[in-house]
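Have a look at the structure below before the remarks.
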Amino acid sequence: MAIETLLDFRSPDTCKRLVIKIGSNLLVDGEGRLRTEWLRTVVLEVKTARDRGQEVVIVSSGAIALGAAKMGIEGGGRSTLSEAQACAAVGQIALASAWSDLLAEQDLLAAQMLLTLDDFESRRRYLNASATFDRLLSEGVVPVVNENDTIAVSEIRFGDNDRLAARVAQACTADGVILLTDVDGLYDRHPNEPGAERLSQVRGVTDEIHAMASAESGSSVGTGGMTSKLLAAEIAERAGIALAIMNGSEDVPMSRALAANSATLFLPKRGDSARKAWIGGRLRFAGSITVDQGCVDALRENKSLLAAGITGVEGKFERGDVIPVHAPDGRMIAKGVVEYEWHEVEVIKGRSGIELRTILGYAPRAAVIHRDHLVML
């Protein structure tokens, strides 16, 4: 059974494993103080889910904002990277302590996991994280995840916890993700505009859906916005994971949203294998290739990517790297594990298969990217 409606998020039959992401603007008030009583109601909902037989992972923002308040730094603590890292170092202790204490009130044991983009981009580290999630959840523990802002620089940052939540859902093979935010879903235009209507359900994030979103975060302490949530929905939907955007402002926010059927539900387009879901979720690349329209058409028919269709090479990738594939108009249409070094692809691009042995000096591989290691976007 799979999630098809919002109410399915509360059923252990359709949603055995659930990831809940909570943004900074919900956790922290305008003075930089933790909204403890509100958070206590969320923990009560976690307890209720656990009692139903569901396993829960929490992705919690708030460390930088809490640290900034404790250090007396104005503006949320994000004016420089070093300031944000220092605030995170201070705030993470307070955040972890709050989660541990509040979960303990409900006889639940918390575990802290601090992750960076690198932990998901590296296949080995991704599998290690996945194994840790499985063990913690099998022991009845509630993992509380945050980006490791104390060490993460721009090259290894998600930059928002929405996409982190989607990658966590992949790693722990969750059935559903709930993103709690300050709006009750995706609207067809900015929610403040007259006539704006909320979309109740979306199956497949398209260019038209992206055009409805705003990249602006609703808070000075947050880093998200609707754009980041749609990017998270894309990651989730390729892995067969349902994702819902709900308003988390009030007490017991998930219960309220489910009772009122007030949210936007993103249903998965497909259920990729675990490896393909990991490939499709990759966010950082050493290079890329561009292909002609004939190659684009072939890839959409589940064919492998051959040298003859390649028109351009960017960056310095190595064999085994995951790289993106761009259409002639520059759109990213796929990601895949490349079988050649960048300089080899440079010399064989546009060439037919019978020419490759002579050009390379050895027997060519079956494809530049084999269809078994290619994910269409």
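The values are calculated or read from the model by the stated rules, or taken from the named source; none is laboratory data. Source: prediction; values computed, not measured. Cβ: placed from backbone, ideal geometry, glycine included. Neighbour counts: every protein chain shown.
Under the condition of being touching a strand residue (DSSP E or B) at 6+ places or on another chain (Cβ under 9 Å) and at pLDDT below 95, the residues counted in the range 176-190 number 8. Please determine whether any residue of the range 36-43 is touching a Leu at 6+ places or on another chain (Cβ under 7 Å), among the β-branched types (Val, Ile, Thr) and part of a helix (DSSP H, G or I). The answer is yes, given that some residue of the range 36-43 is touching a Leu at 6+ places or on another chain (Cβ under 7 Å), among the β-branched types (Val, Ile, Thr) and part of a helix (DSSP H, G or I). What number of residues in the range 144-175 are surrounded by fewer than 24 Cβ atoms within 10 Å (Cβ to Cβ) and modelled with pLDDT of 90 or more? Final tally of qualifying residues: 3.
Per this entry, ALA65 is counted among residues that are of a type in the set (A, V, I, L, M, F, W, C) and crowded, with 21+ Cβ neighbours inside 10 Å.
Within the span defined as the range 344-361, one or more residues are surrounded by fewer than 17 Cβ atoms within 10 Å (Cβ to Cβ) and at positive phi. The helices (runs of 4 or more DSSP H) falling completely within the range 50-151 that include 1 or more residues that are under 16 Å from LEU18 (Cα atoms) and among the hydrophobic types (A, V, I, L, M, F, W, C) map to 123-138. Counting only strands (runs of 3 or more DSSP E) that sit completely within the range 302-377, those holding 2 or more residues that are more than 25 Å from the chain's Cα centre (by Cα) and hydrophobic (A, V, I, L, M, F, W, C) correspond to 310-315.
Among the residues of the range 235-253, the one identified as among the β-branched types (Val, Ile, Thr) and at positive phi is VAL252.
Does PHE133 count as in contact with a strand residue (DSSP E or B) (Cβ under 8 Å, 6 or more places away or on another chain), within 23 Å of ARG284 (Cβ to Cβ) and crowded, with 20+ Cβ neighbours inside 10 Å?
yes
Go through the residues of the range 30-53 one by one and say whether even a single one is free of Cβ contacts under 8 Å to residues at least 24 places away in the same chain and among the small types (Gly, Ala, Ser). The answer is yes, given that some residue of the range 30-53 is free of Cβ contacts under 8 Å to residues at least 24 places away in the same chain and among the small types (Gly, Ala, Ser).
Residues that are crowded, with 19+ Cβ neighbours inside 10 Å, out of contact with any Ser or Thr (no Cβ under 9 Å at 6 or more places or on another chain) and of a type in the set (Gly, Ala, Ser) within the range 1-48 comprise just one, GLY32. For ALA327, the conditions (1) surrounded by fewer than 19 Cβ atoms within 10 Å (Cβ to Cβ); (2) over 16 Å from GLY287 (Cα atoms); (3) modelled with pLDDT of 95 or more; (4) not aromatic (Phe, Trp, Tyr) all hold with the exception of (2).
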